[in-house]
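Data block below; observations after.
The values are calculated or read from the model by the stated rules, or taken from the named source; none is laboratory data. Remember, it's a predicted structure, so these values are computed and weren't measured experimentally. As a convention, Cβ positions derive from the backbone with ideal geometry for all residues, glycine included, and neighbour counts pool all protein chains shown. When the accessible area is computed, the model is the full protein with side chains, heavy atoms only, and any ligands, DNA or RNA have been set aside. Shrake-Rupley method; radii C 1.70, N 1.55, O 1.52, S 1.80 Å.
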Amino acid sequence: MNFPRINTMTTEMHTGDVQRLRFVVLNGSAAYFLAKDVGSLIGLRADDDGDYRSVLEQFGISFFDAVVSDQSGPIGSHALITEQDYKRLIAEAIKRLAVA
């Protein structure tokens with residue numbers, strides 16, 4: 001699947017850091033987030049290709065691969081997850097970190 005346009009939410013934290021969360025909208029309503037941004041945001045360990053497919057599998061999060069593009073053109077294939085799975089991934093990561 002190919003997504004011709006990607007949206008970005010940018011948040012400036014109270015520390016002065018800026019965080020970026022990119023997503024695509026499917027069928028005009030459902031947002032699918034780039035696992036790369038979510039994983040980086042919550043401090044998970046990336047795979048060798050910079051994405052988080054193995055981490056998603058470890059946490060039982062379903063995803064699909066898609067080519068997405070920004071204003072300059074295609075930025076490559078990325079694992080995409082739903083907003084519900086994005087929230088579940090954060091909750092699972094927090095639980096596992098609390099146990100460690």
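Brief remarks on what is shown
- Maximal additional length on extending the ALA31-GLN71 stretch stands at 12.5 nm, based on 0.36 nm per residue less the C-alpha distance.
- Neighbour net charge for ALA46 - beta-carbon separation under 13 angstrom, K R +1, D E -1: -2
- For the range 51-73, the residues whose backbone nitrogen is under 12 Å from a point 7 Å from the Cα of ILE6, taken along Cα to Cβ, are 51, 66-73.
- With protein chains left intact and a 1.4 Å probe, residues in the chain average 63 Å² of accessible area per residue.
- Debye, to nearest 20: dipole size of the chain, +1 on Lys, Arg Cβ, -1 on Asp, Glu Cβ: 240 debye
- Considering only beta bridges that DSSP places wholly inside the chain, some 90 percent are antiparallel.
- Inter-centroid distance (Cα atoms) of the range 68-100 relative to the range 15-52, Å: 5 Å
- Cα-based helix-to-principal-axis angle, 83-99 vs the chain, degrees rounded to 10: 20 degrees
- Surface composition of the chain: carbon plus sulfur atoms hold 50% of the accessible area, using a 1.4 angstrom probe and ignoring ligands, DNA and RNA.
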